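Just below is one structure, and these are the notes that go with it.
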Amino acid sequence: MTMREPASPARITAYPDGPLVVRGDFEIVDEQGVPVETSRRTVALCRCGVSAIKPWCDGTHKITGFHSDR
Amino acid sequence: MIDALGGRVEQMWEADLDAVVESAVAGADAVIHDDDLQLALFLLYAVHYGSLPGLDADLEWDPVLLTGRARIEAAFEEELRGIVTIPEPPEPVQDEVASWLFRLTAPTGKKGLSHFVARKASVEQLQEFLVLRSIYTLREADPHSWAIPRLTGRAKAALMEIQFDEYGSGDASRIHAAIFAQTLRGVGLSDAYGAYLDQVPAVTLASQNLMSMFGLNRRLRGATVGHLAAFEMTSSIPNRLYGDGFRRAGFDEDVTGYFDEHVEADAVHEQIAGRDLAGALAEDEPELLGDILFGAVACLALDDIAGERMLSAWQGGESALRLPLPAAGGATR
């Protein structure tokens, strides 16, 4: 048994009034193509633009009252 | 203290533990503020967790202890259901339940405990803050894990997605409780579980006991789920402020890493907990909706009471602990 599961394609879910949650086999890179490190298998990407830890979500959308259209 | 309890338990058995518990419950003005009842409940749960030395594993299914536990739990739950107010419930539909929980936990803009920690807390107050947090956080995620085998399908998968991250995603050094232990050591506190049991007030134990009661009673699995959702939804933003407080006091990443990790982690967890866990569970088992909402509201109620207690002690220039820290600060190094 190994810790790694067979790769599953990346899946991105837009959570209502919240971030884009990414699961599966993905890599996040910066504008230079350098991988942005993370230790977690499921990440939340900022969708409202005000996170202090971009590209990750830090929950600030709840203070600014971000609303998604869906 | 545990040794003393060991001796006392034997005496109490002879004196009929059940009668002792019954009279303690009957005599309590408020179960959540009763040191004896909350400590007793905490120790009775510790037998299940194996979290404290000196509590023999054979005690886990001792019928006398289980009877006593059930008696305290009944009074505790009844009191909590009487204290909380549950806003107009949503339909048991995933989106509606998630929205309801996010409305319930929406930031109020009130400058509370987290702002005090960020801007004003002294090093001694920061230590007290960690001492009070240590009861839960050195066992972080464990109380909710009791619910894993009690859920099925979507809700189980969602809870596992959160807990896998809590437990380090396969890396023992990333277990959140282990990261918190590093924070405690970094400020000169002990990371031994229960090292500060005598220092924490009843309501701090009550917050932990609430989670254990929900987790260890299958009947209350909906409440575990609602509790976790509310807990995660009120975590990211305060944790950034907590980290700011420790940075302001001059502590480095060894100490602040725990809080920074939770800004990022809980922004993920709150989405999963609200929609995929609580929302899906309400849809799949609508009869649990009431307990999901109760668990969330009870989480906030006890956290508010504990938080306000801490804040008002500090604003009044007093310690928030029940007893002062041991002279050496409890340092392990």
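Counting other Cβ atoms within 10 Å as a rough exposure proxy, the listed residues B:Thr108, A:Thr42 run B:Thr108, A:Thr42 from fewest neighbours to most.
Taking 7 Å steps out from each Cα toward its Cβ at B:Ala26 and B:Leu59 produces label points 2.5 nm apart.
Rounded, prolate or oblate: which fits segment B:94-315, taking a ≥ b ≥ c as square roots of the Cα gyration tensor eigenvalues, rounded meaning a/c under 1.5, else prolate when a/b beats b/c? Numbers along the way, then the final one.
Values: a/c = 1.73, a/b = 1.57, b/c = 1.10.
Since a/c reaches 1.5 and a/b is larger than b/c, the shape of segment B:94-315 is classed as prolate.
GNM remark for chain B: springs join alpha carbons under 10 Å apart, and the peak mean-square fluctuation among B:Ala265, B:Ala74, B:Ala147 falls on B:Ala74.
Put simply, the amide H of A:Trp56, placed in the peptide plane, has neighbours under 5 Å in A:Cys46, leaving out anything fewer than 5 places away on its chain. Rounded to 0.05, the FRET efficiency of the B:Arg219 and B:Val93 pair, given R0 = 35 Å and the Cβ-Cβ distance, is 0.90.
Ranking B:His262, A:His67 by Cβ neighbours within 10 Å, fewest first, what do you get? It would help to have the intermediate numbers written out before the result.
Numbers: B:His262 24, A:His67 10.
Least to most surrounded, the residues fall as A:His67, B:His262.
Among B:Thr183, A:Thr64, a tally of other beta-carbon atoms within 10 Å of each Cβ gives an order, fewest to most, of A:Thr64, B:Thr183. A Förster distance of 30 Å, applied to the separation of the beta-carbon atoms of A:Asp30 and B:Ile148, puts the FRET efficiency at 0.25.
What residue among B:Val203, B:Val117, B:Val84 has the largest mean-square fluctuation in a Gaussian network model of chain B, using Cα springs under 10 Å? Judging by the Gaussian network model, the answer is B:Val84.
Given a Förster distance of 41 Å, report the FRET efficiency between A:Ile63 and B:Ala70 from their Cβ-Cβ distance, rounded to the nearest 0.05. Walk me through the numbers before you get to the answer.
Details: r = 42 Å, r/R0 = 1.03.
With R0 = 41 Å, the Cβ-Cβ based efficiency is 0.45.
Approximating the spin labels as points 7 Å out from Cα along Cα→Cβ, the B:Ser122-to-B:Glu318 distance works out to 1.6 nm.
Computed over chain B with a Gaussian network model linking Cα atoms closer than 10 Å, the most mobile of B:Gly222, B:Gly194, B:Gly250 is B:Gly250.
Bear in mind these aren't lab numbers, they're just calculated from the coordinates by the rules spelled out. Not measured: the values here are computed from a predicted model. Backbone-built Cβ (ideal geometry, glycine too); neighbour counts: all protein chains shown.
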